[in-house]
Structure formats: C-alpha cells, structure tokens
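Enquirer: One structure coming up, written as structure tokens, with questions to follow.
Values quoted throughout were computed directly from the atomic coordinates according to the rules given, and no laboratory measurement underlies them. Please read all numbers here as calculations on a predicted model, not as lab measurements. Don't worry about glycine lacking a Cβ; one is built from the backbone with ideal geometry, like all the others, and counts go over all protein chains shown.
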Amino acid sequence: MAKRVYEVWKGSNKFFLGGRLIFGPDARSLLITLLLIIVPVIIFCVFVARHLRHEFSPYNVGYAIFAVAILFAIHVLVLLLLTSVRDPGIVPRNAHPPEEEFRYDTSASVEIGGRQTPSLQFPRTKEVMVNGVAVRVKYCDTCMLYRPPRCSHCSICNNCVERFDHHCPWVGQCIGLRNYRYFFYFVSSATLLCIYVFAMSALYIKILMDDHHGTVWKAMKESPASVILMAYCFISLWFVGGLTGFHLYLISTNQTTYENFRYRTDNRVNVYDRGCLNNFLEVFATKVKPSRNNFRAFAREEVPRASLPTTREVEVEDMGEDRRAKVEDDLDIGGDLLKISQRHNIEDIEADIRSRGSDVIHNNSSEADSVLGSDRRAPTVLGTQVGEGEVRAGKLPQRFLE
Ligand SMILES: [Zn+2]
Ligand SMILES: [Zn+2]
C-alpha cells in the first residue's frame, strides 16, 4: 500500500492523528510543561480562588477571579499547543543533491576504470541577495539543499527550519517561521498568568491578615498554598518574564535567538532590520506562510531499477540541438529533477549519505563530496560527455535533462 509522507519522514519528528499533528522528537516534555501550568492553576482554584470568592460575594467579583484564572489558563494551553503541533517551517528535503549547482573539480579527480575522471563537486556556500546585501547561505548535507537565508538545521528534529529561532525543549518543537508568533504569545501569556496568580495569592494573604488582625506569618501559616504559589510564580516569572523581554528585544531588532547567539560578537549589520515598527508588524501582522510539507499526501514511489536505462552515453551523443531545446521546453526543471536523479542513480548517493548516519549534521564539506566522487556512474556520464568549457552551473542541467 502506498505510504504517506509522514510515514516515510526522514526527520526525527513524531506524528499523531495520521500526520495531522507534528511534534519534535522530545514531544514528551510537552506533558511536563502542561503539568507545570495545569497543576498550579488547580491549586490556585481550590485553595485560593475558592476562599477569595466569599470575600467579594456581593458583586460576584469572587467568581470572576475563578473564571479569569481558568479561561486564562486555557488560553495559555491553547497557545502552547498551537506552537507545538504545527510545522515550524520545515524545508522539505531533496531526494538528491542539486544538479544545477554541480561543478567539475579537476584538481580532485578520481580514478574510474583505469582513467582519471574529474570528480563532481558543488559549492558548499552560495550568495543570495537580501535587501540588496549579499548573504551567504550554506549547503545542508542532510537535507541536500541550499538553506534559504535565516534557515538552520535543527540537530534535534534533523530538519532544516526556515527562520529558525531555537529548538524549545519545553514545547518539544522547533521554533521557526510558522510558529514563532504563537510561541511569543504563549510565553507572554504565561508571564501574565504568573503575575495574576501571584497577585491573587498575595491578595488572599493580605485579606487573611486583615481578617484576623494577625501578622503576615500567621496568614501564611493559614494558607500555605498561597505561599507555595507565590514562590512558584516568582521563580517562573524570572524565566517566562525574562524570555518575554528578550524576545521583545529580538522582535524589535528583527533577530532570531540563533542569530543573536551566533553573531553576537561579529558586529555585523542586520540586513533584516526594517525598523522597530515594521519588525513588529513582520512578526505579528503578516499571514503565516502555508506549510511546505503535506504530511498526509502519498509519498512519491521510487521508480523500479529495472526500467532505468543502463547506458546513457549513446543517447547523449546522438542528441542534436533541436532535441535539447524541446527537452528544455517540455520539462519542468524543478518537478523533474527527481526523475533525472533516478536515471542517474543519484538516489544511491542519498542512501549512502543516510547509511553513514543521517542524524549527524555534516558540517564538513568532504562528506557529500566524497560520496559523490566515489559514485560509480554519475562522474562517468558527465566526464565523457561534457566539455570542460561547458561545465558551469546552468549549462550542466541541460545536458542532464534528457
Ligand atoms: Zn538540513
Ligand atoms: Zn527542532
């Protein structure tokens, strides 16, 4: 039976409800976060709000204290789930390295069948223009793609994530382009919930003091739950409140956590900074980009090996200009790269890379290059057919496309 994308997913994500919900591999930690929110709110309702209710009974204000706590807790939980169950902005992996970037490297030739053949190489970095400034983007060996600007490979989820902020262990998900807004709402709402519970617990202590004309110690003894909640909220406030402040700063300057930590000492110009107001609008007032993954779609099946042409040399040599032009017209370059790669058996390279451990991020360039260089077929086909002068990005795919 045909498998769905989430069933053959190469990242470390966990899927639920038939691929409708996507989590990071550490989704279990989300349960701890849920408990850290739910348990204090229950304690607050049972031991503090229930008693406070009587203090304000004439105006039903007491019930409002209850209602606000419960509704606000639900609001925080929904934001937490919105952050953690959605695709954070995963860039779909390529099935093969990008042919359009292939170059010959004559200096690093490999010996095939007793003759020297230049090895296939492609640049490890590329420059793209962002707001008129050249930004260097890196090639990801695991995902086999040039990462878009601000994209980074999450070592925990094993995916390239757009506008990667960080991997949040509390949420059990990457924070990236598609869930950063919800993450910020979650953290800032959790801060407000902390302040609310702290304030109401303090109010209850104050009321107990006034009622019994006692000291603060007596009141605290009478409601230890309030004391525990105040201490808990105080500690949590440092964490979520600090995080809210930090992210307000990041948003105002249009930085990600990753960029802030990585380039802190570089003093480089932030090409994404469009002014404080625009930076805020970019995060909160733009439409969330649709996911680039359809986890429930059926995965493309591999073309059986038997149907693959065994030799391509004759075909390529016979080919005239007309046919090349036609092929160019007929083929959608992006959509057909998969087929091309299958003809060239480049999927072997992918299998090879994977078998060497796909959960390791390959930072050094030699890994994929050596895999490519050692591939039996790809360099031979190119080496015999393409003249030295023509081996440039943009030229090569034409040859490749037949
Ligand atoms: Zn990647
Ligand atoms: Zn992650």
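Enquirer: Taking amide H atoms as placed 1.01 Å from N in the peptide plane, list the residues 5 or more away in sequence, or in a different chain, whose amide H sits under 5 Å from that of ARG274.
Expert: The answer is ASN279.
Enquirer: Report the full-extension gain for the segment MET129 to TRP238: residue separation times 0.36 nm, less the Cα-Cα distance, to one decimal in nm.
Expert: 35.3 nm
Enquirer: Using a Förster distance of 30 angstrom, determine the FRET efficiency expected from the C-beta separation of ARG292 and ILE42, and round it to 0.05. Can you show the working numbers first?
Expert: Values: r = 40 Å, r/R0 = 1.32.
Between ARG292 and ILE42 the formula returns 0.15.
Enquirer: Given H placed 1.01 Å from N in the peptide plane, which residues other than close sequence neighbours of VAL137 have an amide H under 5 Å from its amide H?
Expert: Result for VAL137 returns LYS126, GLU127, VAL128.
Enquirer: Which entries in the list LYS10/LYS138; LYS138/LYS289; LYS3/LYS287 go over 25 Å, if you measure between the two C-alpha atoms of each?
Expert: Working: LYS10/LYS138 20 Å; LYS138/LYS289 23 Å; LYS3/LYS287 31 Å.
Result: LYS3/LYS287 exceed 25 Å.
Enquirer: Work out, step by step, the length gained on full extension between HIS75 and LEU192: first 0.36 nm times the residue separation, then minus their alpha carbon distance; give nm to one decimal.
Expert: Going from the current span to full extension adds 41.0 nm.
Enquirer: OK, next. Whole-Hz Karplus ³J(HN,Hα) for the stretch 145-162, in order, using 6.51 cos²θ - 1.76 cosθ + 1.60 and θ = phi - 60°, x for Gly and Pro?
Expert: For the stretch 145-162, the Karplus-derived couplings read 8, 7, 5, x, x, 6, 8, 9, 8, 7, 6, 7, 7, 6, 9, 7, 10, 5 Hz, x marking Gly and Pro.
Enquirer: Another one. Near the amide H of PHE56, under 5 Å away, which other amide H atoms are found, from residues 5 or more places off or on another chain, if H is placed in the peptide plane?
Expert: GLY62
Enquirer: Full-extension gain between ILE32 and VAL68, please, as 0.36 nm times their residue separation minus the C-alpha to C-alpha distance.
Expert: Full extension from ILE32 to VAL68 adds 10.7 nm.
Enquirer: For MET1 and ASN278, FRET efficiency with R0 = 45 Å and r from the beta-carbon atoms, rounded to 0.05?
Expert: 0.35
Enquirer: Using 7 Å Cα-to-Cβ label points, what is the GLU55/ASN260 separation (nm, one decimal)?
Expert: 3.6
Enquirer: I need the peptides 192-203, 15-26, 162-173 ranked by packing, meaning the mean over residues of other C-beta atoms within 10 angstrom, with the highest value on top.
Expert: Going by the mean number of other Cβ atoms within 10 Å, highest first, we get 162-173, 192-203, 15-26.
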